[in-house]
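Remarks on the structure that follows.
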Amino acid sequence: MKKQNAEKFDIDKKASLLTGASYWRSASVEGEVRSVRFSDGPSGVRAQGKRGDYLGVNGSFPATCYPSHSALSCSWNENLCEKIAGEIAEEAKFFGVDVLLAPDLNIKRNPLCGRNFEYFSEDPYLNGRLGAAYVGGLRAYGVGSCVKHFAANNAEFGRMVCDSVVDARTLREIYLTPFEIAVKSSQPEAVMTAYNKVNGVYCNENAYLLDTVLRGEWGFNGAVISDWGGTHDRIAAVKAGADLEMPSCEITHEEIRSAIKAGILTEDDIDKCARRIVKLASVVTPRTRECNFSAHAETASAAASECAVLLKNDGTLPLDGKGKTVLVGGFADRPLIQGGGSSKVNPKNRESLRGCLHGTVDGFAYGYKTDGKHCKRREKRALKLCAEADNVIYCMGLPKGDREAVDRKDLSLPENQTELLKKIYSLGKKVIVVLYCGCVVDTSWDNGASALLLVGLAGQGGARAAADILTGKANPSGKLTETFPLNLADVPSSEYFGKSPYYTVYGEGMQVGYRYFSAHPEKIKYPFGYGLSYTRFVYSGTKTESGGISFNIKNEGEADGAEAAQLYVRFPDGANAPFIQLKGFTKIFLRAGESKKAFIPFDEYTFRSYDGENSRWVEVAGKYTFYIGASSQDMRLVGVVERKGAHTSVPAEKTDGLTPSVCEIKRDAKGRVIADEYTPLCELKNAVGIAGRVFSGLALFAVRGKDTVYGSMRHLPLRTLAQFGGFKRKTLRGMILMFNGKFFKGLNEIFSNKTDGDI
């Protein structure tokens, strides 16, 4: 198919390209522009057949399930990210997928966010570097990437309507920087806008984000795509530079044509979007007929081993084969391997720790029910087994895992799991806890543990990886990319998080994660960057060079291992910056007794600060103290870099007085909701017309107990609901009339012979 210039098409053809043709495909122009097939990521390809959905409800073709981003980031290994992305790209081509909706670059602002398992870390620099590597891995195998969710999408509660209210400096330094690094370093083929607003404007129609920053400052030349159902005002979105609305939408076609006729949209507006969509279609590569799934399974296991984090060890691990060892816990038989929602992969295969340790352990007991219910019979059997053992491997985790569209209410693990663990402690045995979760959890129960291994959501190879680490076949090298606080209340954003579905104020400013906790170590349980090894690394000989910092690392232990060394920088007082900031890292493999020189370069992100008052990046003059550490709380080397910046100071972020946009729920004099196409489904419970109240009740009742679906539908705007249902504009208009008490007029609108063009 020959390359085409969009300008040569007639206006109808160009306009048709701006909306998807189906759930997973963009529109085509016969003989001119190919359709692009999309698929969810990021931990594997979620390629679906005819029954497409955006929440992982319907099935997908079997594919390799790799570690989730939350686990993968703990490797601190860009090469591993690139390798995994390359293998995912191979599978994407096998399934005929052109563009993968990944990587996810949002910041873990608060540990309760249900989608944290899809995000790399709480640090923007680490997110950006790993994300850039992931994009490069996809491209190397001819598959496009779509980085997401742009921007400030850090909660699931009310995600379709929520306003992220954030000051300029925090927005730039924390929430936009990961996207900036990925875009500038790797130029992804597409960027997906988030559902939410940023400072009162929906991301998909936010000209500041899309035109001023993304394209103007960063030089992005790819396509901007809406999240599925994430369009509110399609005309405003086109003018802001949002090229493609997904999925297909009958309503939009007429909106665009009418706007062109009315002169609201110009042909130039359409041309800009159409050109970028034509360019996106050019990344399509031929489908392959072969894929080495066996090799990919080996990579998945090896990656999971590198991502696991050893949080505690009194010398019990690795197991030496002495004494009697037993295995307890339902997650040992069926481990959590991934989160729920749009990223859910149908794993090609999956193993259990019970199976992987067969012949190594001397017995197994379920101990508890994974649904959180108490079972005295299971507890009794487990305690009897443990009483006869020397070592107990106890597996635990979140029952339903981490899920899209649903934020957690607290950090607790189920009481039936923690109570049984305490009873096992009382037997006086060596207890090794294996933890499955994609997020921060309360670990106040770990005082009696001899060892604690965080497997995370490690994909299909997680069980093999855990077995290898427990038995000493592998040396753990993973390090945390999110701070484990002593208490949820100690997290600065907790004061603001989850208070309303319609807004969230980023009142903590830049004090996110370790940036706050490093100045308050008394509130930390396990720090950012922390992880133990079976060997010992010694740092020495730091030297400031023209382009960065060099130092030596020696493995002084008896086991081969890898160390993730981290560079933190403390800015001069005039910068009004957080206590420390991660500005570089390197992962080095060392054999026992081996020493190597390491080097962490400076780059354009090392010394910059954002001046929100004057909308510019600046460098503050003064002494920058750098720390080379094994974690954010374990600094091994210290030095100073003198910088001759052009500024003596930069204003601090202004977090006081941040105000959200006004909630757009229309009401009559009696307080009843007057529906329009932007009204969230849940608000119809107070609609003017009984039809609206009945519709809302029945729709939400139908998905009761399905947390992910319910959480997503609850605040779904009627326009989006109509889009997913494939409704035409006159049908939506009729429904709104019915919901507003004009029942028969609405029915007449729905069943009339009018076309959408007559409306």
**Request:** Taking only the range 717-740 into account, find how many residues are part of a loop (DSSP other than H, G, I, E, B) and surrounded by 22 or more Cβ atoms within 10 Å (Cβ to Cβ).
**Result:** 1
**Selection count where residues are among the charged types (D, E, K, R), at pLDDT below 95 and part of a helix (DSSP H, G or I), scope the range 673-710** = 1
**Complete:** Selection from the range 331-366 of residues buried (at least 23 other Cβ atoms within 10 Å of the Cβ) and closer than 13 Å to Gly397 by Cβ yields Phe331, Ala332, Pro335, Leu336, Ile337, Gln338, Gly339, Leu353
**Message:** Go through the range 156-186 and report how many residues are crowded, with 24+ Cβ neighbours inside 10 Å, of a type in the set (A, V, I, L, M, F, W, C) and under 13 Å from Tyr496 (Cβ atoms).
**Reply:** 2
**Item:** Single unsatisfied condition, Ala675 versus (1) in contact with a Leu (Cβ under 9 Å, 6 or more places away or on another chain); (2) farther than 24 Å from Cys203 by Cα
**Value:** (2)
**Item:** Within the range 621-660, tally of residues that are exposed (fewer than 14 other Cβ atoms within 10 Å of the Cβ) and not aliphatic (A, V, I, L, M)
**Value:** 8
**Request:** Inspect the range 248-262 for any residue being of a type in the set (S, T, N, Q) and under 23 Å from the mean Cα position of the chain (by Cα) and give the result as yes or no.
**Result:** no
**Prompt:** Can you name every residue in the range 19-34 that is of a type outside the set (Asp, Glu) and surrounded by fewer than 16 Cβ atoms within 10 Å (Cβ to Cβ)?
**Reply:** Ser22, Gly31
**Request:** Could you figure out which of (1) farther than 22 Å from Ser73 by Cα; (2) touching a residue at least 40 places away in the same chain (Cβ under 8 Å); (3) among the aromatic types (Phe, Trp, Tyr) isn't true of Phe599?
**Result:** (1)
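Taking the stated definitions as given, is Leu480 modelled with pLDDT of 95 or more, assigned to a helix (DSSP H, G or I) and either of a type in the set (D, E, K, R) or buried (at least 21 other Cβ atoms within 10 Å of the Cβ) (or both)?
no
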**Message:** Checking Ala237 against (1) surrounded by fewer than 21 Cβ atoms within 10 Å (Cβ to Cβ); (2) part of a helix (DSSP H, G or I): exactly one of these is not met. Which one?
**Reply:** (1)
**Request:** From the list Ala463, Ala519, pick out the single residue that is buried (at least 21 other Cβ atoms within 10 Å of the Cβ), modelled with pLDDT of 95 or more and outside any strand (DSSP E or B).
**Result:** Ala463
**Asked** Quick one: in the range 214-229, which of the residues that are out of contact with any strand residue (DSSP E or B) (no Cβ under 6 Å at 6 or more places or on another chain) and under 26 Å from Glu267 (Cβ atoms) is surrounded by the fewest Cβ atoms within 10 Å (Cβ to Cβ)?
**Response** Gly219
**Request:** Would you be able to tell me the number of residues in the range 191-227 that are assigned to a loop (DSSP other than H, G, I, E, B) and under 17 Å from Pro103 (Cα atoms)?
**Result:** 5
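The rows are residues; the columns are (1) of a type in the set (S, T, N, Q); (2) touching a helix residue (DSSP H, G or I) at 6+ places or on another chain (Cβ under 9 Å); (3) part of a loop (DSSP other than H, G, I, E, B).
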residue: Val392; (1), (2), (3): no, yes, no
residue: Lys409; (1), (2), (3): no, no, yes
residue: Thr418; (1), (2), (3): yes, yes, no
residue: Leu427; (1), (2), (3): no, yes, yes
residue: Val433; (1), (2), (3): no, yes, no
residue: Asp442; (1), (2), (3): no, yes, yes
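Is the range 651-672 home to any residue that is more than 30 Å from the chain's Cα centre (by Cα) and either in contact (Cβ under 8 Å) with a residue 24 or more places away in the chain or assigned to a helix (DSSP H, G or I) (or both)?
For the range 651-672, residues more than 30 Å from the chain's Cα centre (by Cα) and either in contact (Cβ under 8 Å) with a residue 24 or more places away in the chain or assigned to a helix (DSSP H, G or I) (or both): present.
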**Asked** Among Ser43, Ser39, which is modelled with pLDDT of 95 or more, part of a strand (DSSP E or B) and within 27 Å of Gly401 (Cβ to Cβ)?
**Response** Ser39
**Item:** Filter result for the condition that a residue is farther than 23 Å from Thr586 by Cβ, outside the structural domain of Val455 (by TED's automatic domain parsing) and among the polar types (S, T, N, Q), over Ser70, Ser39
**Value:** Ser39
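Based on what the data block shows, is Thr325 closer than 30 Å to Leu532 by Cα, in contact with a strand residue (DSSP E or B) (Cβ under 6 Å, 6 or more places away or on another chain) and surrounded by fewer than 21 Cβ atoms within 10 Å (Cβ to Cβ)? Give the derivation first.
Working: closer than 30 Å to Leu532 by Cα: yes; in contact with a strand residue (DSSP E or B) (Cβ under 6 Å, 6 or more places away or on another chain): yes; surrounded by fewer than 21 Cβ atoms within 10 Å (Cβ to Cβ): no.
No, not satisfied.
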**Message:** Yes or no: the range 141-149 includes at least one residue that is buried (at least 24 other Cβ atoms within 10 Å of the Cβ) and either in contact with a Phe, Trp or Tyr (Cβ under 6 Å, 6 or more places away or on another chain) or of a type in the set (A, V, I, L, M) (or both).
**Reply:** yes
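Residues are listed down the side, and each one gets a yes or a no for (1) of a type in the set (A, V, I, L, M, F, W, C); (2) touching a helix residue (DSSP H, G or I) at 6+ places or on another chain (Cβ under 7 Å):
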{"position": "Ser22", "(1), (2)": "no, no"}
{"position": "Ser26", "(1), (2)": "no, yes"}
{"position": "Ser39", "(1), (2)": "no, yes"}
{"position": "Cys65", "(1), (2)": "yes, yes"}
{"position": "His69", "(1), (2)": "no, yes"}
{"position": "Cys74", "(1), (2)": "yes, yes"}
{"position": "Asn77", "(1), (2)": "no, yes"}
{"position": "Glu82", "(1), (2)": "no, yes"}
{"position": "Val97", "(1), (2)": "yes, no"}
**Asked** When you look at Gly507, is it over 28 Å from Arg334 (Cβ atoms) and at pLDDT 95 or above, yes or no?
**Response** yes
**Message:** If the requirement is being charged (D, E, K, R), under 16 Å from Ser43 (Cα atoms) and part of a helix (DSSP H, G or I), which of these qualifies: Glu173, Glu87?
**Reply:** Glu87
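The values are calculated or read from the model by the stated rules, or taken from the named source; none is laboratory data. What you see is a predicted model, and the numbers here were worked out from it, not measured in a lab. Note that we place each Cβ from the backbone using ideal geometry, even for glycine, and neighbour counts take in every protein chain shown.
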